[in-house]
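Written out below as structure tokens is the structure these notes cover.
The values are calculated or read from the model by the stated rules, or taken from the named source; none is laboratory data. Nothing here was measured: the structure is a model prediction, and the numbers come from that model. When we count neighbours, we look across all protein chains shown, and the Cβ atoms used for this are built from the backbone with ideal geometry, even at glycine. Note: accessible area is taken over every heavy atom of the protein model, side chains too, but ligands, DNA and RNA are not part of it. Shrake-Rupley method; radii C 1.70, N 1.55, O 1.52, S 1.80 Å.
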Number of protein chains: 2
Amino acid sequence: MATSTVENYLKHMLLLSEGGEELVSMGALAEALAVVPGTVTTMVKALADSGHVEHRPRQGVRLTAEGRRVALNVLRKHRLVECFLVNVLKMDWAAVDTEAEQLEHAISDEVLDRLDALLGHPETDPHGDPIPSRQGKLDSQVYATLATCVVEKPLRIVRITDQSAEFLQFVEHNGLLPGESVRVTERNLASGLVTAKKTAGRPLVLSLAAAGKILVQPAR
Amino acid sequence: MATSTVENYLKHMLLLSEGGEELVSMGALAEALAVVPGTVTTMVKALADSGHVEHRPRQGVRLTAEGRRVALNVLRKHRLVECFLVNVLKMDWAAVDTEAEQLEHAISDEVLDRLDALLGHPETDPHGDPIPSRQGKLDSQVYATLATCVVEKPLRIVRITDQSAEFLQFVEHNGLLPGESVRVTERNLASGLVTAKKTAGRPLVLSLAAAGKILVQPAR
DNA sequence: ACGTTTATTTTGACTAATCAAAATAACTAA
DNA sequence: TTAGTTATTTTGATTAGTCAAAATAAACGT
């Protein structure tokens, strides 16, 4: 069995490679895992020996089919656990990522399946992140963001790509939850500011950086 | 934070001391934790340094108030998780101990509280084992067993004290679940056999060892 | 093309948890 | 007592995962 450390390495590789094809740098992985780069190099070599990744020295690392399989299973556990914590235990939207971080390594595939059934086989977690299927299919659709979308076009929020509690609290406080309708009324590259409006509500100003973490699709 | 290894050491000390006062031997602990005795000695000294236990060299070990607090919290998590797995996820009675072994170290106190509420604050887990209260109270009532009870007296099964899947499957298969009514019709010390009868059913023969793991109280 | 910055890898050391096997202490039976 | 059994402790090694800091390689700018 993969240790939870191994599972974390693989999961973050999957998240950082946006689908699994590109090489992930040691630096990015070190950052994501909150360890020093040397540790990642060492670990990645071990993961290459165990067949979970392919390591190109000085270039980066990529998941093998087997590594991807493991990573998708962990991600599925993480996101289904988040659904459970929010939908069943009514926990705070912004706090569940931390909880799921622990639980994703502790639940068995058996529990996973039953949780999935209990929740009605959801397709996304409470933040809008797609849940990998049992068979390892992950919706990798590319969405526009409030930083890149067409101005004045009616939109629907589909996903928030920053799981930090602070950001999620901000999002919730301003009613920018997945499913909500909005449109961007103004975008100023120079100042780095985006103005958005909900159908009913006062205009809301946010930075380009923040706007880029809110994924949208055309309304309806 | 206590690592899950530490939590396991403390939990097993609590279980082996039947309430917390007697000294637990290194050998018993090694057996329960499936490690060699030398490992336990080393670990127990570390736990003494961190204030979780009091170590009497060559005699045994005992939980301190703090160690007991931690152990009770872990046990509470274990047993509430078992309730959840059986009552909500409808998992197999005999399989949940293994699952809970992992989950008890991964769920936060916050999740614990919500799980407790969701389940309606149960007092025992599916095997009849008492769940420590939030405040750390643990029902330590001493029950008779099918090996020690009065013959022919009507009884109610309250608890099964062997969590191995094999034994639990045997118990389930013979309808000796907690809550069921039985009486012992015959007990033969020489042959080591006990004969029990459910209100409606054929007589059931089991060994004294097995009978001793089934706790009962007077019916009604 | 040359020196500088930046990313990566290597090296040596550390911690937590473990085992195997030797040493020690305690108990037990003649 | 004294030898023998049994439980415990000690010692030395091992594995997984980590860090700090030095060494190396690649990329970048002029």
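Filter segment A:54-69 down to the residues that are away from DNA strand D (no atom under 13 Å from the Cβ) and not in a strand (DSSP E or B) and list them by number. Reasoning before the result, please.
So the first thing to find is which residues in segment A:54-69 are away from DNA strand D (no atom under 13 Å from the Cβ), and the list is A:54-55, A:61-69.
Those that are away from DNA strand D (no atom under 13 Å from the Cβ) and not in a strand (DSSP E or B): A:THR64, A:ALA65, A:GLU66, A:GLY67, A:ARG68, A:ARG69.
On the basis of being among the hydrophobic types (A, V, I, L, M, F, W, C), within 16 Å of DNA strand D (Cβ to nearest atom), without any contact (Cβ under 8 Å) to a residue 40 or more places away in the chain and not in a helix (DSSP H, G or I), does B:VAL44 make the cut?
Working: among the hydrophobic types (A, V, I, L, M, F, W, C): yes; within 16 Å of DNA strand D (Cβ to nearest atom): yes; without any contact (Cβ under 8 Å) to a residue 40 or more places away in the chain: yes; not in a helix (DSSP H, G or I): no.
For B:VAL44, the condition - among the hydrophobic types (A, V, I, L, M, F, W, C), within 16 Å of DNA strand D (Cβ to nearest atom), without any contact (Cβ under 8 Å) to a residue 40 or more places away in the chain and not in a helix (DSSP H, G or I) - is not met.
A:ARG76: open to solvent by 20 Å² or more (accessible area, probe 1.4 Å) and of a type in the set (Lys, Arg), yes or no? Spell out the reasoning first.
Details: open to solvent by 20 Å² or more (accessible area, probe 1.4 Å): no; of a type in the set (Lys, Arg): yes.
Here the answer is no, as A:ARG76 does not meet what is asked.
Select from segment A:1-14 the residues that are over 19 Å from A:ASP129 (Cβ atoms) and within 10 Å of DNA strand D (Cβ to nearest atom) and write down the one among them that is nearest to the other protein chains (Cβ to nearest Cβ).
Applying the first criterion (over 19 Å from A:ASP129 (Cβ atoms)) to segment A:1-14 yields A:1-6, A:9.
Now narrow it down to the ones that are within 10 Å of DNA strand D (Cβ to nearest atom): A:2-6, A:9.
On the way: A:ALA2: 14, A:THR3: 12, A:SER4: 9, A:THR5: 13, A:VAL6: 16, A:TYR9: 18 Å.
My answer is A:SER4.
Kindly check whether there is at least one residue in segment B:153-160 that is surrounded by fewer than 16 Cβ atoms within 10 Å (Cβ to Cβ) and not charged (D, E, K, R). First the steps, then the outcome.
To start, the set of residues in segment B:153-160 that are surrounded by fewer than 16 Cβ atoms within 10 Å (Cβ to Cβ) comprises B:153-154, B:156.
Subsequent filtering for residues that are not charged (D, E, K, R) retains B:154.
Yes, the conditions are met somewhere in segment B:153-160.
Out of the residues in segment A:138-149 meeting the condition of being surrounded by 13 or more Cβ atoms within 10 Å (Cβ to Cβ) and among the aliphatic types (A, V, I, L, M), tell me which one is nearest to the chain's Cα centre (by Cα).
Checked segment A:138-149; the qualifying residue nearest to the chain's Cα centre (by Cα) is A:LEU138.
Taking only segment A:97-120 into account, find how many residues are aliphatic (A, V, I, L, M), in a loop (DSSP other than H, G, I, E, B) and within 10 Å of A:LEU80 (Cβ to Cβ).
Keep residues of segment A:97-120 that are aliphatic (A, V, I, L, M), which gives A:100, A:103, A:106-107, A:111-112, A:115, A:117-119.
Restricting the remaining residues to those that are in a loop (DSSP other than H, G, I, E, B) gives A:106-107, A:119.
If we keep only those that are within 10 Å of A:LEU80 (Cβ to Cβ) too, we end up with A:107, A:119.
Total meeting the criteria: 2.
Considering only segment B:188-211, I want to know if a residue exists there that is closer than 24 Å to B:ASP139 by Cβ, open to solvent by less than 30 Å² (accessible area, probe 1.4 Å) and modelled with pLDDT of 90 or more.
yes
Condition first: within 10 Å of DNA strand D (Cβ to nearest atom) and loosely packed, with under 15 Cβ neighbours inside 10 Å. Now tell me which residues in segment A:15-34 satisfy that.
Going through segment A:15-34, the residues within 10 Å of DNA strand D (Cβ to nearest atom) turn out to be A:30, A:33-34.
Matches in segment A:15-34: A:ALA34 only.
Six or more apart or on different chains, Cβ atoms under 6 Å: show the pairs whose first residue is in segment A:57-75 and free of Cβ contacts under 8 Å to residues at least 60 places away in the same chain and whose second is more than 16 Å from DNA strand D (Cβ to nearest atom) and outside any helix (DSSP H, G or I).
A:ARG62/A:GLU54; A:LEU63/A:GLY20; A:THR64/A:GLU54
Taking only segment A:94-105 into account, find how many residues are more than 8 Å from chain B (Cβ to nearest Cβ) and either over 18 Å from A:ARG76 (Cα atoms) or touching a Ser or Thr at 6+ places or on another chain (Cβ under 7 Å) (or both).
The qualifying residues number 1.
Taking segment B:78-121 only, how many residues are more than 20 Å from A:MET91 (Cα to Cα) and of a type in the set (Phe, Trp, Tyr)?
Residues that pass the stated criteria total 1.
Return the only residue of A:GLY128, A:GLY136, A:GLY51 being more than 16 Å from DNA strand C (Cβ to nearest atom), at positive phi, touching a strand residue (DSSP E or B) at 6+ places or on another chain (Cβ under 9 Å) and not in a strand (DSSP E or B).
Details: A:GLY136 fails: touching a strand residue (DSSP E or B) at 6+ places or on another chain (Cβ under 9 Å); A:GLY51 fails: touching a strand residue (DSSP E or B) at 6+ places or on another chain (Cβ under 9 Å).
The match here is A:GLY128.
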